[in-house]
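The next block holds one structure in the form of structure tokens; read it before the comments.
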Amino acid sequence: TESLMPTVDGERKNMKSVEDPSFQMKSAPAPPASSPLSSQYKYIDYIFRRVSLVASKRISALCKELSFPTIVATEIWLAFRYILRSVKGLLKDRHMDQVLLATAYAVCRLAGLDPHSDLFSRLCTAYEHINEDKGKRACQKVIQSVVNEKMAVGRGNIIDFYNKIYMYEMKTYLIRCASLKLLTRRVQALSGAAGTTNVAEKEVQERERARQVDGTNVYLKLPDSKRPRH
């Protein structure tokens, strides 16, 4: 596991679904309606919101295919949102899915979800499966042909992009992101307690041993004598 231990960043105070409205891109103050920038602003704002929505759905689908819990999908989304806000250059001349795959790998690896060093392979397989309607050839092009100015031919595969460009731009965020540190601890606790890496299954088991607070997503752990019997 990489020695990238995040520090306090305050990026996220609680866990929510990546499709929660609060995780969508928030608009900056719009120019006055009479301003010549008004129509241009609306168009750009629409594009960013559209990209944000599509990205959140693809992240959810990818994590569901890999049986990763919502907390992992949330962290991938937060990292991608940071890219939309602060590192837009990563998207230049590249397919959005290429950046999403690199982001998913970075987050999952730091969280300890790559015990057998085959995470990239599993991500690519899952990506092809959820995009069967596009055809294997189209998916392979996304994975194998990524714009990479640091390669002699100007292109490389997704791993080359991650190693030579993505990590150079995102390392600071990954080091400082407090929520990633919390995710890493959560994954270690869930997998270690069960002696397995199936975090999603362990999370479900924990919820079954707890009582849900009515009208919320909050679960309270119960003493053994008060746990519900099935």
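Residues in segment 121-144 that are without any contact (Cβ under 8 Å) to a residue 40 or more places away in the chain and not basic (Lys, Arg): Ser121, Cys124, Thr125, Glu128, Asn131, Glu132, Asp133, Gly135, Ala138, Cys139, Gln140, Gln144.
All conditions in (1) open to solvent by less than 40 Å² (accessible area, probe 1.4 Å); (2) within 21 Å of Ser67 (Cα to Cα); (3) at pLDDT 55 or above hold for Glu203, with the sole exception of (3).
May I ask you to say which residue of Ala73, Ala79 is touching a residue at least 24 places away in the same chain (Cβ under 8 Å), closer than 15 Å to Lys171 by Cα and out of contact with any strand residue (DSSP E or B) (no Cβ under 7 Å at 6 or more places or on another chain)? Working first, answer last.
Numbers: Ala73 fails: closer than 15 Å to Lys171 by Cα.
None of the other options fit; the residue is Ala79.
Can you name every residue in segment 70-87 that is open to solvent by less than 10 Å² (accessible area, probe 1.4 Å) and either modelled with pLDDT under 90 or acidic (Asp, Glu) (or both)? Within segment 70-87, just Glu75 meets the criteria.
Does Tyr166 meet the test of being of a type in the set (Phe, Trp, Tyr) and in contact with a Leu (Cβ under 7 Å, 6 or more places away or on another chain)?
Yes: the conditions hold for Tyr166.
When segment 46-56 is filtered for residues that are open to solvent by 10 Å² or more (accessible area, probe 1.4 Å) and touching a residue at least 40 places away in the same chain (Cβ under 8 Å), the ones remaining, listed by number, are Val51, Val54. Note on segment 98-126: residues that are open to solvent by 50 Å² or more (accessible area, probe 1.4 Å) and in a helix (DSSP H, G or I) total 4.
Listed here are the residues, each with its yes/no results for (1) of a type in the set (Val, Ile, Thr); (2) open to solvent by less than 80 Å² (accessible area, probe 1.4 Å); (3) at pLDDT below 90.
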site: Glu128; (1), (2), (3): no, yes, no
site: Arg137; (1), (2), (3): no, no, no
site: Val142; (1), (2), (3): yes, yes, no
site: Ser145; (1), (2), (3): no, yes, no
site: Gly156; (1), (2), (3): no, yes, no
site: Tyr173; (1), (2), (3): no, yes, no
site: Ser179; (1), (2), (3): no, yes, yes
site: Leu183; (1), (2), (3): no, yes, yes
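With the condition kept exactly as written, say whether any residue in segment 57-64 is farther than 24 Å from Leu190 by Cβ and either buried (at least 19 other Cβ atoms within 10 Å of the Cβ) or modelled with pLDDT under 95 (or both). Yes, there is a match, as at least one residue in segment 57-64 is farther than 24 Å from Leu190 by Cβ and either buried (at least 19 other Cβ atoms within 10 Å of the Cβ) or modelled with pLDDT under 95 (or both). Taking segment 16-50 only, how many residues are under 22 Å from Asn131 (Cβ atoms) and either under 14 Å from the mean Cα position of the chain (by Cα) or modelled with pLDDT under 55 (or both)? Qualifying residue count, segment 16-50: 3.
Cβ-Cβ distances below 7 Å connect the following pairs, each with a first residue in segment 145-163 that is more than 12 Å from Asp93 (Cβ to Cβ), a second residue that is among the polar types (S, T, N, Q) and open to solvent by 40 Å² or more (accessible area, probe 1.4 Å), and a separation of six or more residues or different chains: Asn157/Gln144.
The values are calculated or read from the model by the stated rules, or taken from the named source; none is laboratory data. Values in this document were obtained by computation on a predicted structure and should not be read as measured data. Glycine also receives a Cβ, built like all others from the backbone with ideal geometry; neighbour counts cover every protein chain displayed. Accessible surface is based on the protein model in full, side chains and every heavy atom, while ligands, DNA and RNA are left aside. Shrake-Rupley method; radii C 1.70, N 1.55, O 1.52, S 1.80 Å.
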